[in-house]
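Accompanying notes for the structure given below.
The values are calculated or read from the model by the stated rules, or taken from the named source; none is laboratory data. It should be emphasised that the depicted structure is a prediction, and the values quoted were computed from it without experimental measurement. So basically every Cβ, Gly included, is an ideal-geometry build from the backbone, and we count neighbours across all protein chains shown. These accessible areas exclude ligands, DNA and RNA; they are computed on the full protein's heavy atoms, side chains included. Shrake-Rupley method; radii C 1.70, N 1.55, O 1.52, S 1.80 Å.
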Amino acid sequence: MQFRTTGLLLLGAMALPASATAQTPPAPPAITRTVVAATKLPTVTDVPLHFKAVSITLQPHEKSDVSAANGILYQMSGSTEVALDGETKVLNPGEGLFIAGGKTAALTAGSGESSTFLHFFLVPAVDLGRPAETAAAVRELYRTANPIPDLKPGGYDLNLTRVTFPVRTPSNPPHHRSGAALYFVISGTGANTVDGKTEARGPGSLIYEPYALVHQWGNPGDEPLIFLAFNINPEGVAAVLPGAPAKNQ
């Protein structure tokens with residue numbers, strides 16, 4: 001009888017680690033980042049520079065030319081055919097394209113539905129008020145009031161990155177901006193914390209982050225938070241964005 005009791009105690013002890021393991025909560029879904037378009041700039045200190053963002057809508061088959069400073073297109077809905085440097089590319093929702101300053105691109109909306117896209121610019125101060133697109137339905141969304149500060153001599157990386165926070169993602173640890181960025185919220189509502197103050201940022205929100213700004217992002221909602229980050233960073237210095245290592249699209 002004593003042997004049998006000891007065996008039962010041993011079985012119970014062996015079951016405890018398995019029970020504890022079964023109660024370990026699953027890891028939360030990962031934050032993802034996708035580089036939509038990117039380029040390298042040899043210098044950004046020749047003239048004062050600003051961030052600017054516009055929204056353009058073209059009706060089916062409508063055409064527009066764009067000739068401006070360095071910038072990146074991001075297709076929101078419909079499709080746009082872009083003719084640039086003798087090549088043609090069709091942008092579908094979620095895709096983007098870098099257009100270098102001084103280049104002229106011919107844009108044509110696809111058939112069947114209107115085309116809506118965003119255009120993010122890194123524009124010299126002297127050209128800040130100059131229209132970039134010839135289309136009629138152009139709406140300016142944002143421009144920095146002052147030139148981007150603290151830009152240093154040397155090369156810079158310019159990119160547009162799409163970041164997705166799964167539902168119920170707690171705010172990440174405070175981190176500082178290594179260059180400068182302009183955010184655009186596509187969907188969901190994020191919790192953006194700056195200097196200890198948290199604000200809700202919903203679709204269409206634009207947030208400017210200059211150099212060294214300490215900030216946090218989280219998603220307390222029941223819908224994925226998806227936003228774009230138009231970044232400029234010293235070459236070789238990674239953009240301090242929340243999430244996993246970026247993957248190219």
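Within region 162-179, is even one residue out of contact with any Pro (no Cβ under 9 Å at 6 or more places or on another chain) and either open to solvent by less than 20 Å² (accessible area, probe 1.4 Å) or more than 23 Å from ILE31 (Cα to Cα) (or both)?
Looking for residues that are out of contact with any Pro (no Cβ under 9 Å at 6 or more places or on another chain) and either open to solvent by less than 20 Å² (accessible area, probe 1.4 Å) or more than 23 Å from ILE31 (Cα to Cα) (or both), one finds none in region 162-179, hence no.
In region 163-211, which strands (runs of 3 or more DSSP E) lie fully inside it and hold 3 or more residues that are closer than 22 Å to PHE121 by Cα? Explain how you work it out, then say what you get.
Numbers: elements: 180-187, 190-194, 197-201, 206-209.
Once the strands (runs of 3 or more DSSP E) in region 163-211 are filtered for at least 3 residues that are closer than 22 Å to PHE121 by Cα, what remains is 180-187, 206-209.
Give the residue that is least open to solvent (accessible area, probe 1.4 Å), with candidates limited to residues of region 26-64 that are in contact (Cβ under 8 Å) with a residue 40 or more places away in the chain, outside any strand (DSSP E or B) and under 19 Å from GLY154 (Cβ atoms). Steps first, please.
Keep residues of region 26-64 that are in contact (Cβ under 8 Å) with a residue 40 or more places away in the chain, which gives 28-45, 47-64.
Filter again for outside any strand (DSSP E or B), leaving 28-31, 42-45, 47-48, 59-62.
Keeping just the survivors that are under 19 Å from GLY154 (Cβ atoms) gives 42-45, 47-48.
Details: PRO42: 111, THR43: 54, VAL44: 6, THR45: 63, VAL47: 73, PRO48: 76 Å².
In this case the residue turns out to be VAL44.
So which residues in region 77-105 are over 20 Å from LEU158 (Cβ atoms), surrounded by 14 or more Cβ atoms within 10 Å (Cβ to Cβ) and hydrophobic (A, V, I, L, M, F, W, C)?
Across region 77-105, the qualifying residue is only ALA83.
Taking region 133-147 on its own, how many of its residues are assigned to a loop (DSSP other than H, G, I, E, B), at pLDDT below 95 and open to solvent by less than 20 Å² (accessible area, probe 1.4 Å)?
1
Quick one: which strands (runs of 3 or more DSSP E) sit completely within region 65-118 and have at least 3 residues that are in contact (Cβ under 8 Å) with a residue 40 or more places away in the chain? Before the answer, list the steps.
On the way: elements: 70-77, 80-84, 87-91, 96-99, 104-109.
The strands (runs of 3 or more DSSP E) meeting that bar are 70-77, 96-99, 104-109.
Looking only at region 83-103, how many residues end up being at pLDDT 95 or above and under 22 Å from LEU141 (Cα atoms)?
So the count comes out to 10.
Just checking, how many residues over region 148-160 are under 24 Å from the mean Cα position of the chain (by Cα) and either closer than 16 Å to ALA38 by Cα or open to solvent by 80 Å² or more (accessible area, probe 1.4 Å) (or both)?
Number of matching residues: 8.
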